[in-house]
Amino acid sequence: MTPIEAWLKSRGWQAFDFQREVWTAMAQGKSGLLHATTGSGKTYAVWLGLLALLLEKYGTSKTAPPLSVIWVTPMRALAADTGRALQEPMRDLAPHFTLGLRTGDTASSERAKQDRRYPTVLVTTPESLSRMLSRENARDTLSGVVALVCDEWHELIASKRGVQLQLALARLRVFNPSLMTWGLSATLGNLERSEAVLCARQPDLTHICTLVRGQTDKKLQIDTLIPPDPGRYSWAGHLGARMQQPVVDEIAASSGTTLVFTNVRSQAEIWYQLLLAAKPEWAGEIALHHGSLDKEVRAWVEAGLKAGSLRAVVATSSLDLGVDFLPVQRVLQIGSPKGVARLLQRAGRSGHAPGRTSRVTVVPTNTMELMEAAAARQAALAGQVEPRESPEKPLDVLVQHLVTVALGGGFEPGAMFQEVTSSWAYRNLTQAEFDWALAFCERGGQSLTAYTDYHRIQPDAQGIYRVPDRGIAKRHRLSIGTIVSDASIAVKFMNGNRIGVMEESFIARLRKGDCFFFAGRLLEFIRVQDMAAYVKKATKDKGTVPSWGGSKMAISAELGQAILALMQRAASEDFLEPELQAARPMLQTQARISRLPTPSTLLVEQYTSKEGHHLYLHPFAGRSVHLGLASLLAWRLARNLPNSFSLSVNDYGFELLAPQAFDPAPVLDQSIFSADDLLADVLASLNSSELAQRRFREIARVAGLVFSGYPGAPKSMKQVQASSGLFFEVFKKYDPDNLLLTQAQTEVLSQELDIARLTTTLASLKAKRIDFVQLAQPSPLSLPLMVERFREALTTEQLSARLDRMLQEMDS
């Protein structure tokens, strides 16, 4: 019996077949992707295999081995939890091994200690790994790394952070060609592609990389908390507060801890207050957790979850990745998860151990979310998980990486091109594109040649590119990373105690005396000083809820199609699912007033009101696609007969509203869905220059053109935006062929408008049968689109009064 098997037996455990498969592959020096359900033992499958290899290599010497394993996680909370999990078998089997964490939460004293000697195992993030590569002695300190493990690979693969990790892996493989790379995930829909991205471009992956599918008896229960009276009409947030008591009852009935997940931080703040208002005696037993809270607050909540001392925690995605909290018995998802992968991920936070049942309950905040909940459950149980694709050769990340490697010992251009193109994201990078990026780092492109601050790398006498200036080196190390968000401001009490951070754009709207909810408290704003917002506990009983960027998620294509399939069942009077039964009054009202959309039909509704002429289309393709579709159709309709259109979109459809009547014939004969001249029409239909400039702000910061400031003296968001805007205008005028401008345009199309999905949607709409209905009154599907538009102009009270009047008129 091996030491690993003996350790498992001492705990009453037995290895699963998939864990042994991983160990066998590792013994052969193979890399791989392990895909298994959450809580099935993925971490130990990989870690125990690596631990066995390290014990074989270093024996039981009393001296700690050098850095041998780098374990990359996408989140700080996951890093701390992973460290605890890895430490457990290491404490028994290899007590002389050392383990450390290196994330944004790591104290500077600990980082300095690690810089003198890295631990045997380092748990870190993509950003911290890149900073390690920027050290002059990077090759000496990292060439002994045996393996890199990427935890929650699905969370990184589709982002620039994943690309940053791909480039870091390419560098480490130069240092050690036999480096093993292992990825862990539970929610990937395209496993072979995900494995190829992780293991890098190779002629035949089977020799070096293996895909392990973990099969266990893990049970999954997905259900819905049915509202008592969903009603015939519903809109975004319609049922939210009405679900307060049912949620409280579910938490009270649970014998363990309940995790209450929301999709955004503002919603988490609201639900924490709702729970406290319903159960004041739960103060101290329930907690709030999201990424804007201070490190100490988050650590306290995580410790309470571990100990089982908390009745419930309201959280965002800050806790939905791989964190192991055994006392969590139940997960409640407020609102639709918007995707199958997210639902599965959050379900896995309960019953997080082999053999235990994971249970997630969706809490709908409007009647359509009943349909989303049922559709997500069916898709999840059928294994229909969304695919994740790697970005294609983002040049801002490449520019940053070239400076990083120049700092970390330097590079020769020919070898660097081969290294970069060995990664999946840059497999199609041309020599001309690489040469442009190299020249941009060296001279700042055509328009910045005269400014030495942008001469960031220079070749030495041997042709090795290095960073010649210490100031440039310092600024670059502080700027490494691809996470770009609104500038943050620390929130502090008047005595200096820190509460967390908030986006500058929200703080900028506050006046002295304004009250807002944050970190579960009602706070009164006093002033901003030295990039910190000072507050005190409020004596008032009302306040606003902070808004953060990116607050609206779109449903996935898979979920949209699953909802349409349920609509078709409802059209056939099939209401067997409990969610369909609850939504029956709304669905029957929709069928009576209009029609129900199905996978083979496109519902088009026309309505005339005092506001003007409305046209509603319901493709169920998601908010971002509908934005592009609505803009495109409005532009094409107005091209021949000038008209002014107002647009409203949600996940299910969109509204075109015009003051003058317009002919819907191009929609009805489907000619308007033509893909001819699509790119030109999309760009013409939108303020594409403004969208590209906004996207360029992020690119400029990643590429190192804009510096966000030194610690303790950050630049304001207004300063950062002004700087990036200036670069955008200068490049447009004096360097129009700048590839970063091209990237900005490409990212607008691919990310903000999802042009690939828009193209696919147009093709599918041309193939569908049109169901055209002239409405006498708004339908249950069209009313929510009206509400989306009303929200822009009306207060909550005004909106409520207007909706009450409309519903009374429709019922009369």
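The values are calculated or read from the model by the stated rules, or taken from the named source; none is laboratory data. Note that the coordinates shown come from a computational prediction; the quantities given were computed from them, not determined experimentally. With ideal geometry, Cβ positions are generated from the backbone for all residues, glycine too; neighbour counts draw on all protein chains shown. All accessible areas refer to the heavy atoms of the entire protein, side chains included, with ligands and DNA or RNA removed. Shrake-Rupley method; radii C 1.70, N 1.55, O 1.52, S 1.80 Å.
For this structure, a couple of remarks:
- Criterion applied to R477, R527, R498 was being over 24 Å from L275 (Cβ atoms), touching a Ser or Thr at 6+ places or on another chain (Cβ under 6 Å), open to solvent by 50 Å² or more (accessible area, probe 1.4 Å) and at pLDDT 85 or above, and the one residue passing it is R477.
- Residues of segment 734-786 classified as open to solvent by 40 Å² or more (accessible area, probe 1.4 Å) and touching a Phe, Trp or Tyr at 6+ places or on another chain (Cβ under 7 Å), total: 2
- Beta carbons closer than 6 Å, at least 6 apart along the sequence or on distinct chains, pair a first residue in segment 98-114 that is within 28 Å of L55 (Cβ to Cβ) and at pLDDT below 90 with a second that is assigned to a helix (DSSP H, G or I) and open to solvent by 60 Å² or more (accessible area, probe 1.4 Å) for T103/R76.
- Among (1) β-branched (V, I, T); (2) modelled with pLDDT of 95 or more; (3) open to solvent by 10 Å² or more (accessible area, probe 1.4 Å), the one test that T404 misses: (3)
- Residues of segment 21-73 satisfying the condition of being part of a loop (DSSP other than H, G, I, E, B), of a type outside the set (G, A, S) and over 26 Å from R161 (Cβ atoms): Q28, T60, K62, T63, P65, P66
- Number of the exception - S68 against (1) among the hydroxyl-bearing types (S, T, Y); (2) closer than 14 Å to F97 by Cβ; (3) open to solvent by 10 Å² or more (accessible area, probe 1.4 Å): (3)
- Residue match in segment 450-458 (condition: open to solvent by less than 20 Å² (accessible area, probe 1.4 Å) and free of Cβ contacts under 8 Å to residues at least 60 places away in the same chain): yes
- Some residue of segment 379-394 being farther than 30 Å from H455 by Cα and in contact with a strand residue (DSSP E or B) (Cβ under 8 Å, 6 or more places away or on another chain): yes
- Out of A80, A85, sole residue that is open to solvent by 10 Å² or more (accessible area, probe 1.4 Å) and touching a Ser or Thr at 6+ places or on another chain (Cβ under 6 Å): A85
- Total residues in segment 771-792 satisfying the condition of being touching a helix residue (DSSP H, G or I) at 6+ places or on another chain (Cβ under 9 Å) and farther than 25 Å from S556 by Cβ: the figure is 8.
- Of all the listed residues (A415, A439), the sole one being surrounded by fewer than 18 Cβ atoms within 10 Å (Cβ to Cβ) and closer than 25 Å to R173 by Cβ is A415.
- Close pairs (6 angstrom Cβ cut-off, 6 or more residues apart or separate chains): closer than 22 Å to V46 by Cα and free of Cβ contacts under 8 Å to residues at least 60 places away in the same chain in segment 118-140, small (G, A, S) and open to solvent by 10 Å² or more (accessible area, probe 1.4 Å) anywhere: none
- Residue in segment 589-596 that is buried (at least 21 other Cβ atoms within 10 Å of the Cβ) and farther than 24 Å from A570 by Cβ present: no
- The residue that is modelled with the lowest pLDDT, among those in segment 172-192 that are over 19 Å from V22 (Cα atoms) and touching a Lys or Arg at 6+ places or on another chain (Cβ under 9 Å), is G189.
- All told, F575 meets the bar of being assigned to a loop (DSSP other than H, G, I, E, B) and farther than 30 Å from I755 by Cβ.
- Subset of segment 273-295 [of a type outside the set (A, V, I, L, M), part of a helix (DSSP H, G or I), in contact (Cβ under 8 Å) with a residue 24 or more places away in the chain and open to solvent by 30 Å² or more (accessible area, probe 1.4 Å)]: Q273, K295
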